[in-house]
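Visitor: Dropping the structure in here first, questions after.
Quick note: the coordinates plus some simple rules give every number you see, no bench work behind them. From a predicted model like this one, the values you see are computed outputs, not experimental measurements. As a convention, Cβ positions derive from the backbone with ideal geometry for all residues, glycine included, and neighbour counts pool all protein chains shown.
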Amino acid sequence: MLEARDLECTRGERVLFSALALRVEPGTLLRVAGPNGTGKTSLLRMLCGLLQPTQGEVRWREKPIRLLKEEYWAALAYVGHLNGVKDDLTAAENLRASAGIAGLDADEGTVRGALDAVGLAGFEDSLARFLSQGQKRRIALARLHLSGAVPLWILDEPFTALDARGVAELSALVARQLAGGGIVVLTTHQEVPVAAVRAATVELGREREPRS
Amino acid sequence: MIGTVAAVVRRDLLLAFRQRADVANTLLFFVVVVTMVPLGVGAEPNLLRAIAPGVVWVAALLAAILSLNRLFAADFADGTLEQMLISAEPLPLIVLGKTAAHWLVTGLPVTAMSVVLGVMFDLGAEATATLAAALALGTPVLSLVGAVGAALTLGLRGGGVLVSLLVLPLYVPVLILGAGSVEAVAAGLGAAPYLLLLGALALFALVLTPWAVSAALRISVE
């Protein structure tokens, strides 16, 4: 279970949000909504432990993530708005390198399978610089296929640059993760096309409490 | 754990291989600086023999500084660094892998090239071997300590200038010991104390800097 207490975020002199509290149970989709510049990405980075809140804390299974560190990150898959894809590596090399960095085991078959699942079959050995924006996004999202057993996914604008079919495939993947008892936190400007049994929304720039 | 370091080293070496021109740039800079000196000071063999160790070491320092901004900047810009910070593996190990790869593509070629430059300056077999040994022990320190500077200045405007100001003073002991070892051989004294001290510096840097770099990266990426 992911929990945030009394979170405050300041960027420069401006307070983006304060006294933000949320509690996400297993199997729940949490959508972070709000206009540009209200701190959606900052909130996700705080939930990841990449950004220290100016006040409050994030807790995972009743313990502050500040203390859990690697133990928490082993339970987390994050796809940020930057893809983390190297132009000078092929799609397969990119994914294998990401797995190595994350500390996941990924043999050749798993990597090919993950790329296949995001619709990049046939592009495994193409350098990422020759792929389109949407295809690079798919390489980043292929990491989620390697993180099947990871209970918490945090996705920053995962649907950007994807075509209709890519959106549908990602929605199915997210739904599967939720059905398996995982937690998915995501930001998006479009309506979430995911059929989730349990869903909640945090509205930034307006009210603070999550509503179901 | 070893797997993580190996994976990072493999990735960075592959990237360096694909961006060969950038890597060659550092080595070329080193060779060009060293070969320009005789043209500037005149071809007096005794003078050149006397200044060679210092010249080679200063050029190695500058080449190291030149290559530092490559260490984290690209990973920072494309989001890979964020993934490293939230890895299930300890960040110092990933940093160690990145620094090792940096040394393999900068320090190691510089060390190998120093043998040729020793011959060019007519240093003699023993002094050339000492120069290469001192560089082999000293260049890892340049990469490790340089990584701290690179991590601290990551994402800053004018970080390149700042990194030189931060890191060059810390390179001074390496420069003194490294150049001193070759001069000691030339004077008929043993190089052993210099090389042992360089080795001690390298071990000290190897143990401490990955933690310092990790802490600096977490601050820089916020």
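Visitor: Cα to Cα, under 22 Å, and not fewer than 8 places away if on the same chain: which lysines meet these conditions relative to A:K136?
Guide: A:K86
Visitor: So if we plug the beta-carbon distance of A:N36 and A:D125 into 1/(1 + (r/R0)^6) with R0 = 41 Å, what FRET efficiency do we get, rounded to 0.05?
Guide: Efficiency, rounded to the nearest 0.05: 0.60.
Visitor: Give the distance, in whole Å, between the Cα centre of region B:105-162 and the Cα centre of region B:57-94.
Guide: 16 Å
Visitor: Here's another thing I want to ask about it. Which residue, chosen from A:G182, A:V192, B:V213, occupies the Cα position most advanced towards the positive end of the dipole of the protein assembly as shown, where the dipole is computed from +1 (Lys, Arg) and -1 (Asp, Glu) charges on Cβ about the Cα centre?
Guide: Going by the Cα projections, it comes out as A:V192.
Visitor: Here's another thing I want to ask about it. Of the beta bridges DSSP finds with both residues in the protein assembly as shown, what % are antiparallel, to the nearest 5?
Guide: Around 45 percent of the beta bridges assigned by DSSP in the protein assembly as shown are antiparallel ones.
Visitor: Oh, and also: Considering amide H positions built from the backbone, and no H for Pro or chain starts, which residues 5 or more places from A:Y78, or on another chain, come under 5 Å of its amide H?
Guide: Residues meeting the amide H criterion: A:I154.
Visitor: Output the 0 to 90 degree angle, nearest 10, between the alpha-carbon long axis of helix B:20-41 and the longest principal axis computed from the alpha carbons of chain B.
Guide: It works out to around 30 degrees.
Visitor: Please identify, among A:L144, A:L104, A:L47, the residue showing maximal mean-square fluctuation in a Gaussian network model of chain A using a 10 angstrom Cα cutoff.
Guide: Highest fluctuation of the listed residues: A:L104.
Visitor: Angle, helix A:108-117 long axis vs. longest principal axis of chain A, Cα atoms, 0 to 90°, nearest 10?
Guide: Relative to chain A, helix A:108-117 is tipped by roughly 70 degrees.
Visitor: Additional query: Just the ratio, please: alpha-carbon radius of gyration of chain A over 2.2 N^0.38 Å, N its number of residues.
Guide: Cα Rg divided by the expected 2.2 N^0.38 Å: 1.01.
Visitor: Across the Cα atoms of chain B, what radius of gyration and what greatest pairwise Cα-Cα distance (Dmax) are found, in Å?
Guide: Rg, Dmax (Cα atoms, Å): 17.8, 58.
Visitor: Using Cα positions and a limit of under 15 Å, work out the aspartates and glutamates in reach of B:K98, with same-chain residues fewer than 8 apart set aside.
Guide: Correct list for B:K98: B:D12, B:D75, B:E82, B:E89.
Visitor: Report the Stokes-Einstein translational diffusion coefficient (µm² s⁻¹, integer) for region A:79-128, Rh taken as the Kirkwood radius over Cα pairs, at 20 °C with viscosity 1.002 mPa s.
Guide: 194 µm²/s
Visitor: How much FRET efficiency would the formula 1/(1 + (r/R0)^6) give for A:T201 and B:E222, where r is the Cβ-Cβ distance and R0 is 45 Å, rounded to 0.05?
Guide: In this case the efficiency is close to 0.95.
Visitor: Just need the relative contact order of region A:1-141 here, percent rounded to a whole number, with Cα pairs under 8 Å and 6+ apart.
Guide: About 21 percent, as a whole number.
Visitor: Still on this model: Tilt of helix B:45-68 relative to the longest C-alpha principal axis of chain B, in degrees (0 to 90, nearest 10)?
Guide: 10 degrees
Visitor: Based on the Kirkwood radius over alpha-carbon pairs, what is the Stokes-Einstein translational diffusion coefficient of the protein assembly as shown at 4 °C with 1.567 mPa s viscosity, in µm²/s?
Guide: 55 µm²/s
Visitor: Quote the relative contact order of region B:2-221 in percent (integer), defining contacts as alpha-carbon pairs under 8 Å separated by 6+ residues.
Guide: 26 percent
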